[in-house]
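Have a look at the structure below, then the notes.
The values are calculated or read from the model by the stated rules, or taken from the named source; none is laboratory data. For clarity, every value in this text was computed on a predicted model and none was experimentally measured. Methodologically, a virtual Cβ is constructed for each residue, glycine included, from the backbone with ideal geometry; neighbour enumeration extends over all protein chains shown.
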Amino acid sequence: MSDLMNISASPHIRDNSSVRRIMLDVIIALMPAAIYGVYRFGWYSLLILVTCIIASMFFEALFQKFSGKEITVSDCSAALTGLLIGMNMPPHIPLYIPIIGCAFAIIMVKQIFGGLGHNFMNPALAARCFLLISFAQHMTSFSLDGVSGATPLAMLQETGTASRETVINLITGNVSGTIGETSAILLILGGIYLVIRKVISPVIPLTYLGTFIVFTVIFGGHLGQSDFLMYELTQLFGGGLMIGSIFMATDYATSPITKKGRIIYGVFIGLLAGMFRVFGASAKGVSYAIITGNMITPLIDKYTCPKAFGVVRGKQKKSDSETEPAQKQPTEKFRAPVSVKAKTLCAMISITIIAGAALGYIYLQTKDTISQRQKEETYAAYFEICEGATEFDIIDADFKSILSSSDSDYGNIEIGDVLEAKDKSGNTVGAVVDITSKDGYGGDIRLVVGADTNSTVTGVKILNINETAGLGMNAERDIVPQYKGKSGHLDLTKNGGEIQAISGATITSKAVTNAVNAALYIISNYNK
Amino acid sequence: MRFFKGGVHPYDGKELSKNKPVSKLDAGEELVFPMQQHIGAPAAPCLKKGDSVLVGQIIGTASGFVSANILSSVSGTVKALEPRAIDNGTKVMSVVVTNDFEYRTVEGFGKDKSYEDMDRDSFLEAVKNAGIVGMGGANFPAHIKLAADPEKIDRIIVNASECEPYLTSDYRAMLERAEEIIGGLSVILHFFPKASGVIAVEDNKSDAAEHIQSLIGGQKNISLKVLQTKYPQGAERMLIYAVTGRQINSKMLPADAGCIVHNIDTVCSIYRAICKSIPSIRRIITVTGDAITNPQNFDAPLGMSFREVVDAAGGFKTNPQKIISGGPMMGKSISSLDIPITKGTTSVLALTKDQASAKSSNCIRCGRCVKACPEHLVPQKISVLAAERQYDEFIKWNGTECVGCGCCSYVCPAKRPLSQEISTARAKSIQLLKSRK
């Protein structure tokens, strides 16, 4: 009889849920959008998805093998992470990039912190942000049907207007973007499946999207305008907002566990995403909003301890005083988090001060070196754009008044050094202008413009630019080569000129062209 | 319908024994009466080895404020006074009686009595003498609950919700002993004139509810309350909330909410003790599970061994992996069938598959435990605090409010032993709080 007795504490029954079933449900929910992505972008995107899934599972098994842990690849969580990473990749990215992303997600974000459930950020999102920073060029070049173009959201950022066609395309998925984020309707379908299967609660997506809408309505600047509705819909269905709110923000390990906490979290990331989208330079606000939210999750959890059943604060006190006065003592002792909070606050402030001081010190130490380096870089650029020159002489003149004598409007321009280029024998071969346009989409664009004695452009080089990745940041590649050999007043094609604007980055193109024009005007007029 | 937040809906397995009428079992050769069948101090044995015993004779007397008498269910002789194993795995001092199969009773046993001219003290004394304790499994001595100030009690709730899966004894009692239930409730209400009686039944037992309703008829102070079927609807705090809307916590008694809650079998026992002069010597027990040949309900004498009732149900048809005394959510798994049926034994459940032995994996923070917890706790968090022995934090996170219903463990997809970790730490934390007083 003894062989039949299993002894354990109650309860003796379990429901039939399992971690694996949950992960599979999320994978199933992602399938429509993934399949559509493959249909839209071709077989190569399928290769990316499969590679990501295999790579993630491989890295998980590898790490667990080497760290002597039990291999838990069969719980499908690594496969899910891989699929999410794949769906966040542009459809024509070189395969090594997502593989690096998978390694980062699985090893650095997930396994090092203790594996499943212990990651402090959503691994797939962390990998996406990591790749966005490391491979900005690849991660932000999108193309659809062989035509490279900006994503609808980036267009909205650039042009500030939204159209009905864009919205329809966004909903159906007929837009460029990452493999998985394009079709809003299929993503919502997946979300509904997850809610029905009780895998996720709709609290986070709803509060997130709700807050986001409220924020963009108030601060988006389109309230009361004719394209208001279209603007809102483009914001809502564009970019990673849907996949982010349904599949990323609801990640168990990195979102709060109580309902109250989830509401706070949804509102918080909704606000952040709205801020990043409306005021930020990058169209990728969703990812950063969620990983920032991930990091305050433990804090939210800490302060959203739900009220236990039947425990009423006032009543509790009453029953305490009714029994024994001595009982008050421990109760008070436990209710002394004030000193704990103060302690935490002090610690955080001192850490901030120390970190700030350290940063300041490093800045002071390296300031000279950095400015030296910058000077060298500038000089190197002079030589590069002015072929044949061996020497540069600084010209001293009131360039501002020269420029103001021009009939043209160059926008907000700041003129740095103007130098005359001389060859070995001392003859003037041209001139270079270090010029900054303050009209860039993301701030200042500093460039050097070189021209020969006939005021024909010999070269343009961008020294400092901070435009939208994938759009304005393509200036060096797309627009700079066009100036060479041209002279006179240049203009963009849409204004009847010959310079082709960077696709989706009119503002950047205009700013750069204005700066080049101003430089040419100075070069042709400074010695008159 | 008012219902609590949280809870779970496990497979209820009641169809196995639901339609089997209660059959009366006779005792075997040897009966074991542990002196600890209730919460509180163990009873003191009042017989010596070799003494003769009658049916209904007190063989252990209550030895403290919270304690209860133990009575013999057979006549015969005391074979031994020795520690015997009980369902929680410990050995407690027990009186072992050899049955002489003559069933000689004590004087006045089974005599009809009227409670109308009884005063309050003799009523409580009679309940105490009959050794009646809560028969839903918690085993709290009934006379202490009934000693509450009648001025402050406005509800007497009969807990017939039977939310534990597999159990059908309360259901059968409602169908077969409805008169006793209403009779017992009337007795209690007689001594609590300001109170009204409520019989609370889950809505999956609607036929029993209808039967009770038809018997209540026009009685004004007794009503039937149909509750949502959800585990743990029968937990005292949840039940009081469902019936009255009042909430109590671990530091309060039902009386603080103006309620007294009695299990249905306890009410029957009170009726028999007061009106029929039959003390607590038998109870209804469900023998069920997928490993039992003929799952059914028995009216079994206390002191009988588990083995005898299992055999009476045809024995095992397959080898069980787990045998449980009580329901699958809060019952105790047992290592041997050679233990006696006590006042709190609601069922013997034999399962062919032990779902609790599943391997646990990392918590994925899905939050299902938080959603399932009827006490609104965060089992995920407090189980970690429990495992780390951070008792102060555990108390701050209301860990001591846990009722041990097991919902968190039940729903956990990672199969973590949440409820088990919490109940261990809860006991330690309560000790800690007491030591600080």
Which condition number does A:Leu170 fail, the rest of (1) at pLDDT below 90; (2) among the hydrophobic types (A, V, I, L, M, F, W, C); (3) surrounded by fewer than 23 Cβ atoms within 10 Å (Cβ to Cβ) being met? (3)
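Working carefully through the options A:Ile133, A:Ile35, find the one that is part of a helix (DSSP H, G or I) and either crowded, with 22+ Cβ neighbours inside 10 Å or modelled with pLDDT under 90 (or both).
On the way: A:Ile35 fails: either crowded, with 22+ Cβ neighbours inside 10 Å or modelled with pLDDT under 90 (or both).
The unique qualifying residue is A:Ile133.
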Being within 23 Å of the chain's Cα centre (by Cα) and free of Cβ contacts under 8 Å to residues at least 40 places away in the same chain is the filter here, so list the residues in segment B:63-82 that pass it. B:Ser63, B:Gly64
Exactly one of A:Ala55, A:Ala78 is within 14 Å of chain B (Cβ to nearest Cβ) and in a helix (DSSP H, G or I), and that residue is A:Ala78
Odd one out for A:Arg14 among (1) of a type outside the set (Val, Ile, Thr); (2) surrounded by fewer than 19 Cβ atoms within 10 Å (Cβ to Cβ); (3) within 12 Å of chain B (Cβ to nearest Cβ): (2)
Scan segment B:313-331 residue by residue and report those that are at the interface with chain A (Cβ under 7 Å from one of its Cβ atoms) and either in contact (Cβ under 8 Å) with a residue 60 or more places away in the chain or within 19 Å of B:Ala27 (Cβ to Cβ) (or both). B:Pro328, B:Met329, B:Met330, B:Gly331
Can you tell me which condition A:Ala389 does not meet? The list is (1) more than 41 Å from the chain's Cα centre (by Cα); (2) at pLDDT below 80, and all the others hold. (2)
So which residues in segment B:36-62 are of a type outside the set (A, V, I, L, M) and either touching a residue at least 60 places away in the same chain (Cβ under 8 Å) or in a loop (DSSP other than H, G, I, E, B) (or both), if there are any at all? B:Gln36, B:Gln37, B:His38, B:Gly40, B:Pro42, B:Cys46, B:Lys48, B:Lys49, B:Gly50, B:Asp51, B:Gly56, B:Gln57
Out of all the residues in segment A:115-124, is one or more surrounded by fewer than 18 Cβ atoms within 10 Å (Cβ to Cβ), more than 20 Å from A:Phe41 (Cβ to Cβ) and either away from chain B (no Cβ under 14 Å) or touching a strand residue (DSSP E or B) at 6+ places or on another chain (Cβ under 8 Å) (or both)? no
Mind checking which residues of segment B:335-355 are surrounded by 24 or more Cβ atoms within 10 Å (Cβ to Cβ) and facing chain A (nearest Cβ under 10 Å)? B:Leu349, B:Ala350, B:Leu351
Considering segment A:77-95 alone, what residues qualify as being surrounded by fewer than 23 Cβ atoms within 10 Å (Cβ to Cβ) and closer than 26 Å to B:Cys366 by Cα? A:Ala79
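Can A:Ile93 be described as away from every other protein chain (no Cβ under 14 Å) and assigned to a helix (DSSP H, G or I)?
The answer is no for A:Ile93.
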Count, please, the residues in segment B:363-412 that happen to be more than 17 Å from A:Gly261 (Cβ to Cβ), under 29 Å from the mean Cα position of the chain (by Cα) and facing chain A (nearest Cβ under 7 Å). 8
If the Cβ limit is 6 Å and pairs must be 6+ apart or interchain, which residue in segment A:225-247 that is at negative phi pairs with which residue that is in a loop (DSSP other than H, G, I, E, B) and surrounded by 24 or more Cβ atoms within 10 Å (Cβ to Cβ)? A:Asp227/A:Ala162; A:Met230/A:Ala162; A:Tyr231/A:Ala162; A:Thr234/A:Ala162; A:Gly240/A:Glu181; A:Ile243/A:Gly180; A:Ile243/A:Glu181
Can you find a residue in segment A:431-438 that is farther than 25 Å from A:Ile402 by Cβ and surrounded by fewer than 24 Cβ atoms within 10 Å (Cβ to Cβ)? no
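Residue-wise test of (1) out of contact with any strand residue (DSSP E or B) (no Cβ under 7 Å at 6 or more places or on another chain); (2) under 22 Å from A:Met155 (Cβ atoms); (3) crowded, with 17+ Cβ neighbours inside 10 Å; (4) among the aromatic types (Phe, Trp, Tyr).
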position: A:Val448; (1), (2), (3), (4): no, no, yes, no
position: A:Asn466; (1), (2), (3), (4): no, yes, no, no
position: A:Lys484; (1), (2), (3), (4): no, no, no, no
position: A:Gln500; (1), (2), (3), (4): yes, yes, no, no
position: A:Ala511; (1), (2), (3), (4): no, yes, yes, no
position: A:Asn514; (1), (2), (3), (4): no, yes, yes, no
position: A:Asn517; (1), (2), (3), (4): yes, no, yes, no
position: A:Ile522; (1), (2), (3), (4): no, no, yes, no
